[in-house]
Amino acid sequence: MNILIIGANSAIAKATARIYAAQKNKLFLIARNDEQLGALVEDLKIRGAQSVGSTSLDLTRHKEHEQAIEKAAGFLENIDLALICHGSLPDQAKAEIDFKLAQQEINVNGLSVISLLTLLSARLKQQGNGTIAVISSVAGDRGRQPNFVYGAAKSMVSTYLQGLRGMLFQHNVHVVDIRPGLVDSPMTAQLKKGLLWSSPETIAAKIVSSIKAGKHTVYAPGYWRAIMFIVNGIPEFIFKRLKF
Ligand SMILES: NC(=O)c1ccc[n+]([C@@H]2O[C@H](COP(=O)([O-])OP(=O)(O)OC[C@H]3O[C@@H](n4cnc5c(N)ncnc54)[C@H](OP(=O)(O)O)[C@@H]3O)[C@@H](O)[C@H]2O)c1
């Protein structure tokens, strides 16, 4: 497969890229930190990737998305899979009183993804095949007090993906929405870990198997589907009192 990974320096993306490299796929990586990206390219070559290309980009620079996707397509030719992984977890307390910060976070987690999806959907539609997969979050399922700025951006992405899936279905392009629960990665380094936490490797294995199986909405690990079913069922008059 020819695979484009965006936000490739993320812990979940790296773990996923390692699986795809071991399967001898051809990879193109887009990420912000050039030094880390260079090290990842070398690591993936050693792990067996057929070939690895890359370009560095701060993904909030929407105007530069087209050029980066063009570069990826030039390297990969047919994009069989595009996986979007970047994101940031804002300080909710600060973001709810500072619109500039909220806007910045919605830009990273929401609008930058939609800009990329606009370009990728046009390209894959033209190809007439391929899969677009995006890491959103269980945080997008319901607006909770501790993370509703982040959750609102992820929810925007999930809603967009639902419509996009229908639009691309007739063009033989598949769309996957991956919703991890709690993952021990640099993004959550400051949070106390407990029983419900998973490793990036666990999430990566679930991403790879779900894409292969042609799933639509993937909770990772799967028990988050049951957890969010319960959370979504809590009546609003109780939910508004909950601080979790
Ligand atoms: N960790 C969790 O509990 C959890 C739960 C649900 C969903 N997710 C989602 O999973 C995805 C991967 O996160 P992770 O857990 O693997 O965390 P991570 O290791 O902290 O990765 C986040 C990545 O996003 C990149 N990024 C942030 N802003 C960017 C920008 N403007 N331009 C380019 N890249 C940017 C970061 O780049 P730098 O390396 O340059 O900082 C970093 O590599 C994210 O979409 C996240 O929202 C995570």
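The values are calculated or read from the model by the stated rules, or taken from the named source; none is laboratory data. In this text the structure is predicted, and so the values were computed from the model without any measurement. Positions of Cβ are backbone-derived with ideal geometry, glycine not excepted, and every protein chain shown enters the neighbour counts. These accessible areas exclude ligands, DNA and RNA; they are computed on the full protein's heavy atoms, side chains included. Shrake-Rupley method; radii C 1.70, N 1.55, O 1.52, S 1.80 Å.
This table checks each residue for (1) open to solvent by 10 Å² or more (accessible area, probe 1.4 Å); (2) aliphatic (A, V, I, L, M); (3) in contact (Cβ under 8 Å) with a residue 60 or more places away in the chain; (4) more than 15 Å from the ligand (Cβ to nearest atom).
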{"site": "M1", "(1), (2), (3), (4)": "yes, yes, yes, yes"}
{"site": "A11", "(1), (2), (3), (4)": "yes, yes, yes, no"}
{"site": "T16", "(1), (2), (3), (4)": "no, no, yes, no"}
{"site": "A22", "(1), (2), (3), (4)": "yes, yes, no, yes"}
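Looking across segment 56-71, not a single residue is touching a His at 6+ places or on another chain (Cβ under 6 Å) and closer than 15 Å to S121 by Cα. Residues in segment 124-145 include none that are surrounded by fewer than 22 Cβ atoms within 10 Å (Cβ to Cβ), of a type in the set (A, V, I, L, M), within 15 Å of the ligand (Cβ to nearest atom) and more than 30 Å from M1 (Cα to Cα). The single residue among L168, L164 that is more than 16 Å from the ligand (Cβ to nearest atom), under 20 Å from V108 (Cβ atoms) and either open to solvent by less than 40 Å² (accessible area, probe 1.4 Å) or under 17 Å from the mean Cα position of the chain (by Cα) (or both) turns out to be L164. Within segment 38-61, residues that are of a type in the set (D, E, K, R) reach partners that are open to solvent by 40 Å² or more (accessible area, probe 1.4 Å) with beta carbons closer than 8 Å, at six or more positions or on different chains, in the pairs D43/R18; R47/R18; R47/A22; D58/R32. For segment 68-83, taking the residues that are away from the ligand (no atom under 13 Å from the Cβ) and within 16 Å of L37 (Cβ to Cβ), the one that is surrounded by the fewest Cβ atoms within 10 Å (Cβ to Cβ) is identified as K71. State yes or no: is F148 surrounded by fewer than 21 Cβ atoms within 10 Å (Cβ to Cβ), among the aromatic types (F, W, Y) and in contact (Cβ under 8 Å) with a residue 24 or more places away in the chain? Taking the combined requirement at face value, the residue satisfies it. Of the residues making up segment 84-105, those that are open to solvent by 10 Å² or more (accessible area, probe 1.4 Å) and within 12 Å of the ligand (Cβ to nearest atom) number 8. The set of residues from segment 178-212 being within 6 Å of the ligand (Cβ to nearest atom), touching a Leu at 6+ places or on another chain (Cβ under 8 Å) and among the hydrophobic types (A, V, I, L, M, F, W, C) comprises L182, M187.
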